[in-house]
Amino acid sequence: MSYIHDIIHRVEEQNKNQPEFVQAATEVLTSIAPVIEKNQIYQKWSLLERIVEPERVNMFKVTWIDEAGKVQTNRGYRVQFNSAIGPYKGGLRFHPSVNLSIIKFLGFEQIFKNSLTGLPIGGGKGGSDFDPKGKSELEIMHFCQSFMTSLYRVIGADVDVPAGDIGVGGREIGYMFGQYKRITGHYEGVLTGKGLSYGGSLARTEATGFGLIYLVEEMLRDHSDSIEGKTVVVSGAGNVAIYAITKAQQLGAKVVTASDSNGYIYDADGIDVEALKDIKEVKRGRVKQYLSYRPNAKYFENGCVWEVPCYVALPCATQNEMDIYSAKTLIKNGCKAVGEGANMPSTPEAIDAFIENKILFAPSKAANAGGVATSALEMSQNSSHLSWTFKKVDSELNKIMKNIYANMNAAAIEYGAKDNFVVGANIAGFLKVADAMLAQGIV
Ligand code: NDP
């Protein structure tokens, strides 16, 4: 369709140095083509031109002093992409690879993911090229305080509510919350992923990983299958990976791998998740150290985790970690389902291979939406000054994930793409935002 092609071309031309953003926008635009064709009103009001442009891009300097007394300078970002259905919501990523392209791709994806949750939250994302690895506790605190000293101007409980992402967990959120409160004097739910003693929600830590498994299990159940008794391969060893492994094992699966950017571990007896938590959450170490807990496990330096045969594959590390070669290897080895815990971990070619080979493929904007959904539940608890039980939050999360599956499945069927959940998730996420934008006029 020429309108879609024109917009993709426009995105490519205007964002020449932003390959990740162009990749994310192209995927969404291509898969919503049937909706745009059927409803001329979106073209009439130039909806696509408007939706691919962030409402605001904040970029700022973050200076801090390291333990050696040297001044360090990093770059901070907060992209406020779309607020049609609620305040901006999306995580902060601290990783040396962070740049405007990465933050824009994540913010763009967040619009549709947040819409899919059914909750009133718009899309945003932020972060910095700061590398937390190897930094002392004090350096982390000073960086977080300096980052918030610029960020506080553009966020607020009803404006924009950041959360964690790669390199940003409870510790960093705590330091940023403290600094926000010190500067503004406001004790408000301006960040989610907070500690339980100051407004955090039970089950937020577990939410993305648990939600991923709830959605994958629902997708399998709908195809008369289940994760129980299946071999599962997981990449990553961070927040998402750890709780995906935990929930998959609770449901009777055998998870045999975890990885970091140095290599992966293979444990034929099933990953000992308590050992992994001790390494990553307490010692902040490397997955290689797993061998000292389970000497029978194997460690593969620089190995590709997708070479391990499995029934279900769960990429939970980072964008574009699953290329076409990895996808073909998984398919050859009998993989039947893929659930994306990380954001955009599969390349477009890998996704095409999964869909052509009838692998059940749950795309990230649906499969990892449990984290942001539970963040929205944290916002509700904060604004009503209540704390829900773990059971209540977990049960809400389970309902939300089942609902996301039902909505993306229904959209895929309605638009003639049964079992293509990329199309289903993009259409279901797009419709609500697009209609809210139309209703609010040209703003
Ligand atoms: P963490 O920082 O907790 O963990 C990231 C993990 O992935 C680390 O073990 C890291 O290893 C590993 N990793 C990073 N790059 C690579 C690589 N190239 N190859 C292998 N492993 C790698 O982050 P999260 O678990 O929070 O986030 C993981 C993904 O999930 C991201 O894409 C994020 O955007 C997404 N996500 C997270 C949500 C959340 O609630 N936390 C919500 C929704 C999505 P290393 O230590 O070596 O860098």
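Any read-out appearing in this document is the output of simple, stated calculations on the displayed coordinates, not a laboratory observation. Note that the structure is predicted; figures quoted are calculated from it, not measured. Neighbour counts are summed over all protein chains in view; Cβ atoms, including those assigned to glycine, are modelled from backbone coordinates with ideal geometry.
Before moving on, here are some points about what is shown:
- All other residues whose Cβ lies under 15 angstrom from that of PRO34 are scored, Lys and Arg at +1 and Asp and Glu at -1, for a net of -1.
- Simple spin-label estimate for LEU138 and TRP45 in nanometres, 7 Å along Cα-Cβ: 5.6 nm
- The fewest-to-most ranking of SER326, SER115 by surrounding Cβ atoms within 10 Å reads SER326, SER115.
- Cβ-defined net charge surrounding ALA406, 10 Å radius [Lys, Arg +1; Asp, Glu -1]: -1
- Column: log10 I(q)/I(0), Debye, Cα scatterers of the range 234-381, q = 0.13, 0.18 Å⁻¹: -0.56, -1.04
- Ranked by how many other beta carbons lie within 10 Å on average, peptides 86-94, 49-57, 393-401 from highest: 86-94, 393-401, 49-57
- Positive minus negative residues near PHE210 (Lys, Arg vs Asp, Glu; Cβ under 13 Å): 0
- Extreme residue, positive dipole direction of the range 264-379, given options ALA367, GLY334, LEU276 (C-beta unit charges): LEU276
- The loop-placed GluC sites (Glu not before Pro) in the range 62-166, going by DSSP, that have at most 13 neighbouring Cβ atoms within 10 Å of their Cβ come out as GLU67.
- All lysines inside 17 Å of LYS328 as judged from Cα atoms, apart from same-chain residues fewer than 8 positions distant: LYS336, LYS358
- Residue among GLY134, GLN110, ALA207 farthest towards the positive dipole end of the range 107-224, charges placed on Cβ: GLY134
- Packing order of peptides 415-427, 14-26, 286-298, highest average first: 415-427, 14-26, 286-298 (average count of other Cβ atoms within 10 Å over each peptide's residues).
- Lys/Arg +1, Asp/Glu -1 at C-beta; the chain dipole; positive extreme among ASN420, THR347, GLY167: GLY167
- The range 208-269: GluC sites (Glu not before Pro) falling in loop per DSSP and having at most 12 other Cβ within 10 Å: GLU228
- Here the spin labels are modelled as points 7 Å beyond Cα on the Cα-Cβ line, and at ASN320 and LEU251 they lie 3.0 nm apart.
- Calculated P(r) tail over 13 Å for the range 363-414, as whole % of Cα pairs: 61 percent
- The chain: translational diffusion in µm²/s, Stokes-Einstein, Kirkwood Rh over Cα pairs, 20 °C, 1.002 mPa s: 98 µm²/s
- Rounded to the nearest 20, the size of the Cβ-charge dipole of the range 358-415 about its Cα centre is 160 debye, with Lys and Arg at +1 and Asp and Glu at -1.
- Net charge dipole size for the chain [Lys, Arg +1 and Asp, Glu -1 on Cβ; Debye, nearest 20]: 720 debye
- Around the Cα centre of the range 308-419, unit charges on the Cβ atoms of Lys, Arg, Asp and Glu (plus for the first two, minus for the last two) sum to a dipole of about 360 debye.
- Among THR246, THR30, THR374, sorting on how many other beta-carbon atoms sit within 10 Å of each Cβ, with the fewest leading, yields THR30, THR246, THR374.
- Between ALA157 and LEU386, the distance separating the two model label sites (each 7 Å from Cα on the Cα→Cβ line) works out to 1.6 nm.
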